[in-house]
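Please read the structure below before turning to the comments.
Just so it is clear, none of the values below were taken in a lab; they were calculated from the coordinates. A quick note: this is a predicted structure, and the numbers were derived from the prediction, not measured. Quick reminder, even Gly has a Cβ in these numbers, built from the backbone with ideal geometry, and neighbours come from all protein chains shown.
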Amino acid sequence: MNRIDATFAQLRVANRKALIPFVTAGDPTPGATVPIMRALVEAGANVIELGVPFSDPMADGPVIQRASERALANGVSLRHVLAMVAQFRESNRGTPVVLMGYANPIEAMGAARFAQAAREAGVDGVLVVDYPPEEAQDFAAMMSEQGLATIFLLAPTTPDERIAAVAKLARGYVYYVSLKGVTGAGHLDTQDVASKVEHIRQFVKLPIGVGFGIRDGATARAVARHADAVVIGSALVQTIENSTHDGVAANVRAWLAEIRRALDEGAA
């Protein structure tokens, strides 16, 4: 069983919601990434979304764009990201890691070669922002052959036909983008999120994670009443940006632990 599936199964039994933080690999430095990943787990993360830095991150707001710029300035490539996952796996065999990014680095490596390298490194899933389901059948098949989950984004504007197409290909979980626009934008309407998540459940039987606009424990708790997972990116990356190098892992741990506490109090 894929680590993602096993994690969600364990959480269901425990009546807990998944906490899925996003950080950009190589930010603020390449050497900080694995300690940050370990700090996320210590704070209560159930799945880690690890961003692959890219020069044109079209779905990302300014906070995550700056993180990509810092990582690229540090020379971080897809190969380096896979090496970071492999290093993380030396001390952690259980926490799922999902690579999140864009098609260009994968295509430059070659999708089949990437799938094999990702499996060997210890990756569990891949979310490629610019691979729509209509064009991702071959890619999803390659991932599946290596035991990797292909994860897709759904948005408030996604038509039912595309939700149904995602339902056929997706593995692991689906990621509902709760706001129109880029990461870190807008105000989250939790009642609207609840309505959209229930609608998606008519098509998708996988766990549903909700992200974009979740910046604190109260919002995370409200979203978790309706979703199976809460995804937090921009607010966490902002914490990294505002930290000194020596204190970044400790700050990340403390910040995310507050979100974990809010989720668990909500479940109780």
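How big is the dipole moment of segment 3-267 about its Cα centre under a simple scheme where the beta carbon of each Lys and Arg is +1, that of each Asp and Glu is -1, and everything else is neutral? Debye, nearest 20, please. Before the final figure, lay out each step's value.
Working: 25 positive and 28 negative charges, 137 e Å.
With only Lys, Arg, Asp and Glu charged at Cβ, the dipole is about 660 debye.
Helix-only mean residue ellipticity at 222 nm, the chain, DSSP H runs n ≥ 4 weighted -39,500 (n - 2.57), per residue, nearest 500. What is it?
-15000 deg cm²/dmol
If you count, for each residue, the other Cβ atoms within 10 Å and average over each peptide, how do 137-149, 162-174 line up from highest to lowest?
Numbers: 137-149: 17.8, 162-174: 20.5.
Per-residue Cβ counts within 10 Å, averaged per peptide and sorted highest first, yield 162-174, 137-149.
Grab every C-alpha pair in the chain, bin the distances at 5 angstrom width from 0 up to the longest one, and report whole percents.
Per 5 Å bin, starting at zero, the Cα-Cα P(r) for the chain comes out as 1, 6, 14, 19, 21, 19, 13, 6, 1, 0 percent.
If the chain between ASN242 and ARG119 were fully stretched, how many nm would it gain, using 0.36 nm times the residue separation less the Cα-Cα distance? Intermediate results must be reported in sequence, preceding the final value.
Details: separation 123, 0.36 × 123 = 44.28 nm, distance 3.32 nm.
Full-extension gain reported as 41.0 nm.
Quick check on packing: order 76-86, 102-112, 18-28 by the mean number of other C-beta atoms within 10 Å, highest mean leading. The partial results should precede the final answer.
Numbers: 76-86: 19.8, 102-112: 16.0, 18-28: 26.8.
Ranking, from highest mean packing down: 18-28, 76-86, 102-112.
Given segment 195-235 reduced to its alpha-carbon atoms as identical point scatterers, what log10 I(q)/I(0) does the Debye formula return at q = 0.19, 0.31, 0.33 Å⁻¹?
-0.53, -1.08, -1.16
What percent does the relative contact order of the chain come to when contacts are Cα pairs within less than 8 Å and at least six residues apart?
Values: 500 pairs, mean separation 61.8, N = 268.
Computed value for the chain: 23 percent relative contact order.
At R0 = 35 Å, how high is the FRET efficiency between SER144 and GLU69 if r is their beta carbon distance? Nearest 0.05 is fine. Kindly include the intermediate steps, with their values, before the conclusion.
Numbers: r = 33 Å, r/R0 = 0.95.
Working from the Cβ atoms, E equals 0.60.
Using the Karplus curve 6.51 cos²θ - 1.76 cosθ + 1.60 with θ = phi - 60°, work out ³J(HN,Hα) for each residue of segment 130-142 in order, rounded to whole Hz, and write x for Gly and Pro.
Computed from phi, the couplings for segment 130-142 are 9, 10, x, x, 5, 10, 10, 4, 5, 4, 4, 5, 4 Hz.
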